[in-house]
1. Given just the C-alpha atoms of the stretch 6-52, how large is their convex hull per residue in cubic angstrom?
2. Of all beta bridges DSSP finds with both residues in the stretch 58-109, what is the antiparallel percent, to the nearest 5?
3. May I ask you to sort 24, 116 by Cβ crowding, counting other Cβ atoms within 10 Å and putting the fewest first?
4. Would you mind giving the average projected area, over all directions, of the Cα convex hull of the chain in nm² with one decimal?
5. For the stretch 58-109, just the Cα atoms, rotate onto the principal axes and tell me the three extents in Å, largest first.
6. For an R0 of 22 angstrom, estimate the FRET efficiency from the Cβ-Cβ distance between residue 76 and residue 104 and round to the nearest 0.05.
7. Taking the number of other C-beta atoms within 10 Å as the exposure measure, put 101, 46, 93, 58 in order starting with the fewest.
8. When 60, 33, 76 are ordered from fewest to most other Cβ atoms inside 10 Å of their Cβ, what list results?
């Protein structure tokens, strides 16, 4: 039985998936990966993804896209919950953050250079 894999966007491109969120890998070829987004398969170029056997259980700190519409609400960078993929504003240098949606508390991964 092949291992269950997870992937997240690792390129600053405009796709209909959450930046910094981990998605279950459904299928993979040399060029494309099919991930599950909202219970639907979505094809993404494999080169644009980071793929791991187990996603880290820490908030991903994501720089807000330059053309993003929610910059006023979320700030220049925001967090993505490792459990439910909810986006949330990040208090400056908070060590841990409780998700407003799933109510789980996780460490904030400030040391990760995601899309920077």
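1. Values: hull volume 3.0 nm³, N = 47.
In the stretch 6-52, the Cα convex hull volume per residue is 64 Å³.
2. On the way: 10 of 13 bridges.
Looking only at bridges with both residues in the stretch 58-109, the antiparallel portion is about 75 percent.
3. Working: 24 13, 116 9.
Going from sparsest to densest Cβ surroundings: 116, 24.
4. Working: hull surface 30.5 nm².
Reported value for the Cα convex hull: 7.6 nm².
5. Each principal axis gives a Cα extent; for the stretch 58-109 these are 29, 20, 14 Å.
6. It comes out at approximately 0.35.
7. On the way: 101 12, 46 15, 93 7, 58 18.
Ordered from fewest to most neighbouring Cβ atoms within 10 Å, 101, 46, 93, 58 come out as 93, 101, 46, 58.
8. Values: 60 24, 33 21, 76 9.
The order, fewest Cβ neighbours first, is 76, 33, 60.
Computed from the coordinates by the stated procedures, all read-outs in this text should not be read as laboratory data. Here the structure is a predicted model, which is why all the values come from computation and not from measurement. Cβ: placed from backbone, ideal geometry, glycine included. Neighbour counts: every protein chain shown.
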